[in-house]
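Report on one structure; see the data block that follows.
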Amino acid sequence: MNLSDELKQAARAFGESLHQHATVQAYLQAQARLEADPEARDLEERFSAMFQSLSSRQRAEESLSPAEVDEFYTLRSQAQANRLISERDMALNLVKGYFIEVGSDLNRAAGINFVTLAKGN
């Protein structure tokens with residue numbers, strides 16, 4: 001798709017405006033704080049890796065041992081209790097809500113449902 005320079009510039013400006021919004025900045029700062037803390041980062045990485053592994057095994061119809069399930073729930077509880085992870089997750093939820101609102105505003109202004117358009121429906 002060949003876009004005009006004017007449209008490309010407008011898209012860049014729109015992206016920068018989204019990036020500068022207080023909600024997005026709060027998320028980026030929360031993510032940076034999490035990444036700067038080795039313990040929190042390690043906990044999240046271990047939880048994510050275990051989640052991916054167990055999910056893949058379940059999709060492959062492998063059975064999981066009770067010890068693995070217990071370990072997963074323990075890691076999940078630790079991750080949910082971690083202040084930096086929970087602050088980042090709360091900030092991410094706010095960003096998602098903000099992006100939904102912005103998307104709805106764009107849909108109304110343009111008279112187009114971009115979600116449906118992106119799905120090819």
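Brief remarks follow.
- GluC sites (Glu not before Pro) restricted to the range 62-107 and DSSP loop, no more than 11 other C-beta within 10 Å: GLU62
- Dividing the summed helix terms, -39500 (n - 2.57) for each DSSP H run of n ≥ 4, by the number of residues in the chain produces a 222 nm estimate of -28500 deg cm²/dmol to the nearest 500.
- The alpha carbons of the range 1-98 occupy a box of 58, 34, 23 Å along the principal axes, longest dimension given first.
- At an R0 of 35 angstrom, the distance between the Cβ atoms of ALA36 and ARG59 translates into a FRET efficiency of 0.55.
- Exposure proxy order (Cβ contacts within 10 Å, fewest to most) of MET90, MET50: MET90, MET50
A short reminder: the numbers here are calculations on the coordinates, not readings from a lab. The model shown is predicted, which means the values in this text are computed figures rather than measured ones. So basically every Cβ, Gly included, is an ideal-geometry build from the backbone, and we count neighbours across all protein chains shown.
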